[in-house]
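Engineer: Sending over a structure as C-alpha cells; questions will come in a sec.
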Amino acid sequence: MREKINDEVSVVMYFSARKRIALPHLISWQNKDYTIKEMGYRHSILEGRTLHHIFEFTVNEADLWMRLNLDTANLHWLLEVVSDGNAD
Amino acid sequence: MEMPINDIEPLIMHIDLNSCYAIIEQQANPLIRHKPVGVAAYTTPRGFIIASSYEAKRQGIKLMRIIEAKEIDPRIIILAPDPEKYFDAHRRFKAVLERYTDLVTPKSIDEFIVDFQGSQTISKGQNLLEIGYQMKEEIKQALGKYVTVNIGIAPNRFLAKVAAGMDKPDGLTVIEARDIPNIYGQLNLLDLPGINHRYESRLNRAGIFTPLDFFDAQLQLLKGPVFQSIVGYYWYLRLRGYEIDAQKFPVRSFGNDFAIKEWTYDREVISRYIMKLSEKTGRRLRKHDYQAQGVYLGLAFDDGSWWGKSKRSKATIYSTQEIYLNLMQLFRQVSFPAKCSHVNIAVFNVAPASPFQLGLFDGTGLDTRALARASDKINDRYGEFTLIPARMANMEHVIIKRVPFGSVRDL
C-alpha cells in the first residue's frame, strides 16, 4: 500500500566529511521517530531553479519505506510518500 | 561471390539495464524487491504496464493492462513512472561507461553502445571481459546493489545486442567472429534485433525460417525478393559482423503524445490537450534551438480507428502559439467516429532557428519569438508551466512528464 502524505517533517541529517556523504538520519513524523535502515536511492530534481534532493529509504522501527524531499531553497523537509511494500 | 565473416576483434559493447524502470523502483524501495512490480503510465485498471520486474515477467506479465496483470497475479505492485529518477539513473549509468572511453552512445534511456575500437583501455592490455565485469560492479556502486545489467560484446552493434540478450538477467556474453554461425543456430528469427513479425513473414515467404537460413541466404535473394532494396544488403553485412548501424541521423521532428484518461467527444477538452502538447513540443523545439515548417496531428478513437494529417507551412513555426494555431487548422477538419482516446502531435521539417531568416511576405515574427523566449526564460527559472497560455489553465496534473521511449536527446 502506497500512500501520499505530503507533510512537513522534522529531520536530523548528518554529513560525513570523511565519506563525503550527506544523508538524513532521523525523521520525526506523527510523534514517532524513525531512523534510516537502508537508503534505496537518492537523486535530485530541479523545479525551476530550485534544487530538491529526494531520498528513498526503509526505516528500522517499522516495515516502512519513505520518500523524503529536501527543498534547498528553504531547507524544509517534506515526507511525500510512505509504503509498506505491498500491492494497493 | 560470398562475403566472409568480418574476422575482427570483438570491441563493441552493448549494455542495458535489466527491466530498467522496475529495477530502479526496486532499488529505491527495498520492500518491493523480489516481488512482482509493474510500472504503468496510469495506475487505474485500464492503465498500461510499460515495464515489469523479472518476478512479474516470469509469470508472463509484460506489456499489458493492469487489470489483465492482476488476473495473473493480484499481488503485483503497480507504480506510476518517476521519470526524473530514471533520467538520473541514465546519467549515472552513462558516467560509469565514460570512465572507460568517450565513445559512448545512448540508444535509449536504459541502453548504451560502448565502442572500444582504438581505446586506450584496451591498448593498455586490459581484457574486455574483465572490463565488463568491472563495469557491472561500478554500476552497482553508482546505482545500487540491486541493479543488474546485461552486457554483450561482439564485432558490431547488432551482434553485441544479440549477445546482451542471450543470458538475461545479469549476463555477459562475448560473440567472436568464429562463433557467429553457432550463435545463429541457437536463436529464432524474432530473437534478432530489428526482426519483427512483419519481417519474419517476409523472410518466411522467401524460405528463410531460422537465423542460420538468413545468414546463409544469398545477397541477391535478400536485396531482391526479400527486402527489395538496399536494406537486404545491410542485413547481409550486419549478419556477418560488419558495422552498418553506427550512423547518426539528423533531428527531423519533435513530438509528444497523450493517452486520454477519460475518453471523450468533447472537442473543447481535446483542444486544451492540443494546447498543452503544443507547449511541451514547443519547449523542446526551442530548447534545441530549432524551428519547424510543418505540423502533424494524430487522433485515435475508442472504436480502434485513427485519424492523422500533416500540414506544411511556408512560414516558420517556433512559438507554442504558432504550433497550436497550425494544429487547430487540422483539428477543425476531423469528425469523431467515436470517443477520442489518444492525441499525438509533432512538428517536422525542423532546422536550426539561428540565425533567423525573415520570409519576404511574412510578418517579422520577431515579437512572437521574443515572447516565446521570454516565456521560456520564466519557466526555466520558476519551473515548468509557471507561465502558460490561458487555454492551459487548471491543467497542472494533465499530460505530466513521461519517460521517453527511444530518443534520449532531451535528457
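The values are calculated or read from the model by the stated rules, or taken from the named source; none is laboratory data. These numbers were taken from a predicted model, which means no experiment stands behind them. Glycine also receives a Cβ, built like all others from the backbone with ideal geometry; neighbour counts cover every protein chain displayed.
Engineer: I'd like to know if segment A:2-25 contains one or more residues that are surrounded by fewer than 12 Cβ atoms within 10 Å (Cβ to Cβ), under 18 Å from A:ALA73 (Cα atoms) and at the interface with chain B (Cβ under 10 Å from one of its Cβ atoms).
Structural biologist: Scanning segment A:2-25 turns up no residue that is surrounded by fewer than 12 Cβ atoms within 10 Å (Cβ to Cβ), under 18 Å from A:ALA73 (Cα atoms) and at the interface with chain B (Cβ under 10 Å from one of its Cβ atoms).
Engineer: Starting from segment B:359-383, take each residue that is over 27 Å from A:HIS52 (Cα atoms) and list its partners that are among the aliphatic types (A, V, I, L, M) and modelled with pLDDT under 80, counting only C-beta distances under 9 angstrom and pairs at least six apart or across chains.
Structural biologist: B:THR364/B:LEU358; B:GLY365/B:LEU358; B:LEU366/B:LEU358
Engineer: Anything in segment B:312-335 that is over 20 Å from B:ARG391 (Cβ atoms) and either within 27 Å of the chain's Cα centre (by Cα) or touching a residue at least 12 places away in the same chain (Cβ under 8 Å) (or both)? List them, or say none.
Structural biologist: Those that are over 20 Å from B:ARG391 (Cβ atoms) and either within 27 Å of the chain's Cα centre (by Cα) or touching a residue at least 12 places away in the same chain (Cβ under 8 Å) (or both): B:ARG312, B:SER313, B:LYS314, B:ALA315, B:THR316.
Engineer: Can you find, within segment B:310-329, the residue that is nearest to B:ASP289 (Cα to Cα) among those that are modelled with pLDDT of 90 or more and charged (D, E, K, R)?
Structural biologist: Taking the candidates together, the pick is B:GLU322.
Engineer: Looking only at segment B:331-376, which residues are among the polar types (S, T, N, Q) and at pLDDT 85 or above?
Structural biologist: Scanning segment B:331-376 gives B:GLN333, B:SER335, B:SER341, B:ASN344, B:ASN349.
Engineer: Among the residues of segment A:30-75, count how many are part of a strand (DSSP E or B), without any contact (Cβ under 8 Å) to a residue 24 or more places away in the chain, more than 9 Å from chain B (Cβ to nearest Cβ) and β-branched (Val, Ile, Thr).
Structural biologist: Count: 0.
Engineer: Can you go through B:GLY282, B:GLY294, B:GLY304 and tell me which one is outside the structural domain of B:ILE50 (by TED's automatic domain parsing) and in a loop (DSSP other than H, G, I, E, B)?
Structural biologist: The conditions single out B:GLY304.
Engineer: In segment B:237-271, what residues are within 30 Å of B:ASN182 (Cβ to Cβ) and surrounded by 14 or more Cβ atoms within 10 Å (Cβ to Cβ)?
Structural biologist: Hits for segment B:237-271 are B:LEU237, B:ARG238, B:LEU239, B:ARG240, B:GLY241, B:TYR242, B:GLU243, B:ILE244, B:ASP245.
Engineer: Any idea which of (1) surrounded by 16 or more Cβ atoms within 10 Å (Cβ to Cβ); (2) in a loop (DSSP other than H, G, I, E, B); (3) polar (S, T, N, Q) is the one B:ASN150 doesn't satisfy?
Structural biologist: Result: B:ASN150 passes all but (2).
Engineer: For segment B:101-109, state whether one or more residues are over 24 Å from B:ALA41 (Cα atoms), among the aliphatic types (A, V, I, L, M) and over 25 Å from the mean Cα position of the chain (by Cα).
Structural biologist: no
Engineer: Give me the helices (runs of 4 or more DSSP H) completely within segment B:194-253, filtered to those with at least 3 residues that are of a type outside the set (Lys, Arg) and in contact with a helix residue (DSSP H, G or I) (Cβ under 6 Å, 6 or more places away or on another chain), ordered by residue number.
Structural biologist: Of the helices (runs of 4 or more DSSP H) lying wholly inside segment B:194-253, those with at least 3 residues that are of a type outside the set (Lys, Arg) and in contact with a helix residue (DSSP H, G or I) (Cβ under 6 Å, 6 or more places away or on another chain) span B:211-216, B:231-239.
Engineer: State whether one or more residues within segment B:72-82 are in contact with a Leu (Cβ under 6 Å, 6 or more places away or on another chain) and outside the structural domain of B:LEU239 (by TED's automatic domain parsing).
Structural biologist: No - not one qualifying residue is present in segment B:72-82.
Engineer: Let me ask you something else. Looking only at segment B:235-279, how many residues end up being without any contact (Cβ under 8 Å) to a residue 12 or more places away in the chain and under 22 Å from the mean Cα position of the chain (by Cα)?
Structural biologist: Result for segment B:235-279: 4.
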